[in-house]
1. With +1 on the Cβ of every Lys and Arg and -1 on the Cβ of every Asp and Glu, and nothing else charged, how large is the dipole of the range 1-110 about its Cα centre, in debye rounded to the nearest 20?
2. Expressed as an acute angle from 0 to 90° and rounded to the nearest 10, what is the orientation of the C-alpha long axis of helix 16-29 relative to the principal long axis of the chain?
3. Pairs of alpha-carbon atoms within less than 8 angstrom and 6+ residues apart define the contacts here; what relative contact order does the chain have, in percent?
4. How far is helix 118-136 tilted off the main Cα axis of the chain, in degrees rounded to 10, range 0 to 90?
5. Which residues does the label zone of R127 cover in the range 1-42, counting backbone N under 16 Å from a point 7 Å along Cα→Cβ?
6. Using label points projected 7 Å from each Cα along Cα→Cβ, tell me how many nm separate D88 and N136, to one decimal.
7. Under the rule of -39500 (n - 2.57) per DSSP H run of 4 or more residues, summed and divided by the residues of the chain, what mean residue ellipticity at 222 nm is obtained, to the nearest 500 deg cm²/dmol?
8. Identify which of the listed values of semi-axes √(5λ) of the Cα gyration tensor in Å was calculated from the structure shown: (1) 42, 18, 15; (2) 39, 15, 14; (3) 32, 22, 17.
Amino acid sequence: MRKMNWYMISTISGKENVVIEALANRIIAEQVDGDFDPEATENGPFKIFQKPILTPKELEKKREGKDYKIKWVNMYPGYIFIKMDMTDRAWFVIRNTQYVTGLIGSSGKGAKPTPVTEREIRKSLQREKMALEEFNQGKYFVTFKVGDVVEIIEGPYTGERGIVQEISDNSLSAVIEIESFGKKVPVTISCSSLQVDEL
């Protein structure tokens, strides 16, 4: 009887889905599919814990009653989870997949990684569920965070740039520090009026 456990794979951030696709193909090509649990999730042995967010632009569309798009973001950027039996061959396939940077819990020197406990997986599933519930209750997670430089795109401060000092609990407004008459002044702005400054 194979011992299937969850493991955490570190990847280059933003390449998580590419890694999953590459691994899914390699697992079959290398004939190690028996080492992976196909019934772990609806996506087979792979799991990315995700939360829904609305960009300020999509949030504005929602408020106006227009069609809007929900963006799903990885709750653990740069990490994916996989349920498998860590055989030598399966371990080799994972380590030698493009954009995989390692397995969490491996000290290197040929030591196999330690599994993620079922308790930790349950906690992450709970976190994912809570994020969805909060989103459905109107807590829209925005794409910027405290410390980011944003540009104000509407209202009396249009064109001003500032640093995000605080984001309200429901993610509807943020306190931005802007410069006015040579002084730094905190102003509260609706999140839909802000965008991340790409400069």
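Rule-based calculations on the coordinates, nothing more; no lab input. Note that the structure is predicted; figures quoted are calculated from it, not measured. Glycine gets a Cβ as well: all are built from the backbone with ideal geometry, and neighbour counts include every protein chain shown.
1. Values: 17 positive and 14 negative charges, 96 e Å.
In debye, rounded to 20, the range 1-110 gives about 460.
2. For helix 16-29, the angle is close to 20 degrees.
3. 23 percent
4. 30 degrees
5. 7-11
6. 4.9 nm
7. Calculated from helices alone, the mean residue ellipticity at 222 nm is -7500 deg cm²/dmol.
8. (1)
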